[in-house]
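A quick write-up on the structure given underneath.
Taken together, the values in this text are just the output of simple stated rules run on the coordinates, not laboratory data. Quantities reported herein were computed from a predicted structural model and do not represent experimental measurements. Note that we place each Cβ from the backbone using ideal geometry, even for glycine, and neighbour counts take in every protein chain shown.
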Amino acid sequence: MSANDSTYSNDSIWCIKTDDNAPVHALEYLNNPANFRTFSQGLTELITTYGYQENPCDLEAKTRFVLDKLSLTGTSISKSTVKDWFLDKRRPSLASNSRTLMFCLCFALSASLADVRWFFHHVYFDRCFNCHTIEEAVYYYCFSNRLSYAHAKSLLEAINSYPALPICHTASHVFTTDIRNRLDECTNDQQLLDFFRENKAIFAEWNKSALSCIDYYVTAIQGKPADKAVIEARRAGKTILPSECEDCGLVIQEYLFGRSDHMLDYIRGKSITSIDFMLNRMIKTNSGISKNTVIPAIVKANFPSKRTFSDILNKSGTSTSYDSIRKCLILLKFYHFWASLLLKPALAEYDLFDVFQEETDALLTSCGYDELYPGNPYDWLFLWASTTEHPLDALRDALTEAAWESEA
């Protein structure tokens, strides 16, 4: 949408000095508000594109404009909340009620489909249009056809009155991208309503692709019960065949890689098959990032933790915590990619950063999420670490440094 997006290009992740203090420099960049678009700036860009003509710095005028627009959709919100958005005192939470509010705002402004996507991806930092939910599928159809919020509500009222007809087993595995493609084929309301009348039952669950990918990476990364025998054999001084080590979880393989024998006692008595152990080995913490850690709030929010993984793995079928799911996907892919290369280095002719970015983007889009975006501080952290000589250490050191600064 905005020419200002060039400010948040991939160039920024290459600007950090590559010396021993690289994590410190990275945190300095990350914590400098001038380097990332604030929600206030993004919201101001959006309303300026869609009818706001007064001074972009006039807090009262911008607040009044947003309140007046939202009132046209029947959406109620306090003046203090909108004012706080423009003051950057707070930003809308990454939760269902705030997502609906962001959609209402875009409807109120009559934003184009492209600009709705821009706003969600580059400003709000959350998934745009989970078309495996009835509500957002209808929103997607309406924005695609420049229809109003009132029109969307009337469609939803009709659809909600339909019974959920039984579906066959194969139809239950329809993916979100398939639904979006079907919605694109609907050229009028009747076609849309017919689609929902016949297929309403497939909207009962979502996140299937994401859950499948998370299961795959967790299974590959975390320790396995059989890994204990390999560790004990190594501790006893026995020769370990390469095939035996390769059968271990990736965190165990990395742990054994280049370790001297006396270091093996470090994990004696630990539950190597747990998510706790996996996260501690990956990023040196299993509890996420402390609220006191000196790092942008958007990074701390839903940062992968033992609880985050538990919630996703147990409730992901109907979870609307899209930010949590996306962040876990990025962390798992980052670790799997760079740990695998540490154990089996690739040929020098490959640009490994480009491969990592392309593979991660492909993973995210296959699960219905937006690609990596360096204007998002969370994404930036992983992209920056991937430019360094030792990406795993760079990420760990940056997170450790941030924790130390919070305790200083």
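Things to note:
- Length available on full extension from D184 to D393: 0.36 nm per residue minus the Cα-Cα distance, which gives 70.8 nm.
- With all pairs of separate Cα atoms included, the stretch 105-152 yields a Kirkwood hydrodynamic radius of 10.7 Å.
- Descending principal axes extents, the stretch 360-405, alpha-carbon based, whole Å: 36, 21, 16
- Scaled to the globular estimate 2.2 N^0.38 Å, the Cα spread of the stretch 1-152, given as radius of gyration, is 1.16.
- Charged-residue dipole, Cβ positions (Lys, Arg, Asp, Glu), the chain about Cα centre, Debye nearest 20: 1320
- Values of log10 I(q)/I(0), in the order q = 0.10, 0.22 Å⁻¹, for the stretch 189-302 under a Debye, Cα-only, solvent-free model: -0.50, -1.20
- By average C-beta atoms within 10 angstrom, highest first, the peptides 119-125, 149-155, 300-306: 119-125, 300-306, 149-155
- Coordinate range along principal axes, alpha carbons of the stretch 72-155, Å, largest first: 35, 25, 20
- Spin-label pair E205/S271, simplified geometry with 7 Å Cα→Cβ offset, distance in nm: 2.5
- Inter-site label distance for S96 and D361 at 7 Å from Cα along Cβ, in nm: 3.3
- Taking a Cβ cut-off of under 9 Å around T273, the surrounding Lys, Arg, Asp and Glu residues balance to a net charge of +1, with basic ones at +1 and acidic ones at -1.
- Taking a quarter of the surface of the Cα convex hull of the stretch 266-408 gives a mean projected area of 9.8 nm².
- Total formal charge among the other residues, if their Cβ is under 13 angstrom from that of N145, Lys/Arg +1 and Asp/Glu -1: -2
- Between C57 and K153, the FRET efficiency from the beta-carbon distance, with R0 = 30 Å, is close to 0.30.
- Take 26-38, 232-244, 274-286 and order them by the average number of nearby Cβ atoms within 10 Å per residue, most first; the result is 274-286, 26-38, 232-244.
- For the chain, calculated [θ]222 nm from helices alone, where every DSSP H run of n ≥ 4 adds -39500 (n - 2.57): -16500 deg cm²/dmol
- Rounded tilt (10° steps) of 208-221 against the dominant C-alpha axis of the chain: 10
- Each semi-axis of the equivalent ellipsoid for the chain is √(5λ) with λ an eigenvalue of the Cα gyration tensor; in descending order they amount to 41, 28, 17 Å.
- Rounded FRET efficiency, nearest 0.05, which uses the C-beta distance separating S144 from T400 and R0 of 45 Å: 0.50
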